[in-house]
1. May I ask which residue of S106, L436, A482 lies farthest towards the positive end of the charge dipole of the chain, with charges of +1 (Lys, Arg) and -1 (Asp, Glu) on Cβ and the Cα centre as origin?
2. How large is the helix-only mean residue ellipticity at 222 nm for the chain, computed as the sum of -39500 (n - 2.57) over DSSP H runs with n ≥ 4, divided by its residue count, in deg cm²/dmol to the nearest 500?
3. Rg(Cα) of the stretch 30-152 divided by 2.2 N^0.38 Å?
4. Count charges around T582 for me, please; just the other residues with Cβ under 12 Å from its Cβ, Lys/Arg as +1, Asp/Glu as -1.
5. Size of the dipole of the chain about the Cα centre, Lys and Arg at +1 and Asp and Glu at -1 on the beta carbon, nothing else charged, in debye to 20?
6. Average the reciprocal distances over every distinct pair of alpha-carbons in the stretch 112-180, invert the result, and give the Kirkwood radius in Å.
7. Which is the longest stretch in the chain that no exposed loop site breaks, taking sites as trypsin sites (Lys or Arg not before Pro) with a DSSP loop state and at most 12 other Cβ atoms within 10 Å?
8. Can you find, among T32, F491, L587, the residue farthest towards the positive end of the dipole of the chain? Put +1 on the C-beta of Lys and Arg, -1 on that of Asp and Glu.
Amino acid sequence: MSFGTRLTAFGVITLALLACESNQSRPGGTDTSTIVAQQRQSADALLAQAERSDPQTKFGLMLEAAQILAQSGDVGRARSIINNLPPQTNLRISTAQAARLALVRSYIATADGYYVQALEYLEAPPADYPSALPLELAHPILEQKATLLHNMGNYPASLEERVRLHDLLGGRAQESADNQQRLWQTLMEIPSAELGKLLAEGGASRDLEGWYRLALLSKDTQANIREQLARLDRWMLEWSDHPASVNLPADLQMLRQILSEQPQQIALLLPFSGKLASAANAIRDGFMAAYYQHRQLESDAPALRFYDTEQQDINAVYDQALADGAQLIIGPLAKEQLQDLALRPALPVPTLALNTIDNPLGTVANLFQFGLGVEDEARQAAEQAWRDGHRRAMILAPNNNWGDRSVNTFITHWRNFGGEIVKEYRYSEKQDYSKLLKQALQLDLSEKRAQEIRALIGNVQFEPRRRQDIDLIFLVAQANEARQVKPTLAFHYAADIPVYSTSQVYSGVPDSKLDQDMNGIKFSTLPWFFERQAAEKKALEKFADNSAALQPLYAMGVDSFHLYPRLKQLEAVREANFYGLTGTLRLNEQQQFQRQQVWAEFRNGRPRVLAESF
């Protein structure tokens, strides 16, 4: 894994809140806004007191106020206070005050986007030895450092800081539990292969080794709850002195409960006839491949019933499935039918819909939404491009509904991160890409300037210059379109501009000759395309239609089978992930599964998975 200075914007947004939460006792039932208001009142009181104090005392009081404000999210006022501190020339600056100043400067640098500098403040004396400082200062320093390292992608180093913080917190139960939860979340960011590598390298403390092994068993056995529980019991015996054995991560605590509550009958409500029949049948085939694999390993496979929803009232079909004894329902697939079902105030059994909608009536109890929408991919493209250090984007997208959804999602997230949309260009199905890109890159303006100069001074040598105010292109395109756009960019002097795209840019079939011109394009895609060992995929390759267009739907069917036993677990523990073949899945507040796919890049005409994403 490459550990650089990659920091996600959502990490920046939460950084101060995490430090604030960890450094303050949290009264039961008090919401965040109330706590922040109380903190800012405390800062105001300190500043008022500072105005009546001598320079030595004033310096200390202003520093405390700046720390409180920075941790509550008011970095602007904290910056102003630091800029107006009394001159330090004739003051006696204590070790604690110097460390506090480093911490506040780290918060400010983080807010400004200078993440390496933010970390350097905490790695210089005296902030680099927080255990020698008072706990109320050492705690936020370690919290800030661990969070920075996590969001920069250096997960092992972040874990080491979390282990240090655990030792420092001692008997503080709530703070220790918060720290352990974030430690577990960091572990869940590390791919299984990387966890195995870290274990093989050795050198980790015993506590950290125990965490690595716990995370590995959690990830590697998600498709079999019984096996996961058996391996967890063995871990508990071997690591009885480990901090996690006293307080297991919340998702692992639920294993026995969800195993005992598995449904005995499942109904699949899909349009097995009509225009969506091929999609429904592919999802069913993926589901059944996982089902038969499960039956080979376990004897408790549920009974299945299938219902064709084509041209039927979804509520009537749903009620019939219930009357037939369904304890869990998968479907519907059509968005319109999901909208009709979502009008109910609640559903009597867990229901995994295979599409997503924005429900103005709010969430519906027992309704979970799982889809392959482009919105997740566009969001992830914005996150990755920002993480890679880009700030000014140009968009190339088709002039259709798919393009609208992709572009709107990308723009929303990109601007939330603080990025700039320099220009947005749309193309039609039979577009002259050369003409469009010439305009987008402002080569036409460059050529016009050359003509004006020639008119004034005669014939001169001239090489067109493209615009210099963009540092990435977000390309929404099908494979056949991308194969034309990418070489045209190179022809128009833009081969050096990074291009980010969605999964549709890859046909699903490796073809080094056909895709040679797409070298350098980065795109997110389903882990399914790079999976070599899954028994379900091998079975489908042998018995099903291997059409590239059906592959995402097969993956969706497989994940549906492995998801349904864990719906209540993922609902109860919002930080928990499911590592599926469609991506890493997590439930949001709207009961929708958000997907984080793997990242790949075309190299020598073939898609190559970027190591840190898989």
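1. Farthest towards the positive pole: L436.
2. Working: 26 runs with 321 residues, N = 614.
Mean residue ellipticity at 222 nm (helix-derived): -16500 deg cm²/dmol.
3. Values: Rg = 14.1 Å, N = 123, 2.2 N^0.38 = 13.7 Å.
Relative to the rule-of-thumb radius for its length, the stretch 30-152 sits at 1.03.
4. Working: positive: R595; negative: D376, E377, E531, D559.
Taking every other residue near T582 into account, the sum is -3.
5. Numbers: 62 positive and 72 negative charges, 241 e Å.
Using only the charged Cβ atoms, the result is roughly 1160 debye.
6. Working: mean 1/r = 0.0819 Å⁻¹.
After inverting the mean inverse Cα-Cα distance, the result is 12.2 Å.
7. On the way: sites that count: R52, R92, K275, K430, K513, R532, R574.
Counting at most 12 other Cβ atoms within 10 Å as exposed, the longest clean stretch of the chain is 93-274.
8. Working it through, the farthest residue towards the positive pole turns out to be F491.
Values quoted throughout were computed directly from the atomic coordinates according to the rules given, and no laboratory measurement underlies them. Computed from a predicted structure; not experimentally measured. For neighbour counting, all protein chains shown are included, and Cβ atoms are generated from backbone atoms with ideal geometry for every residue, glycine included.
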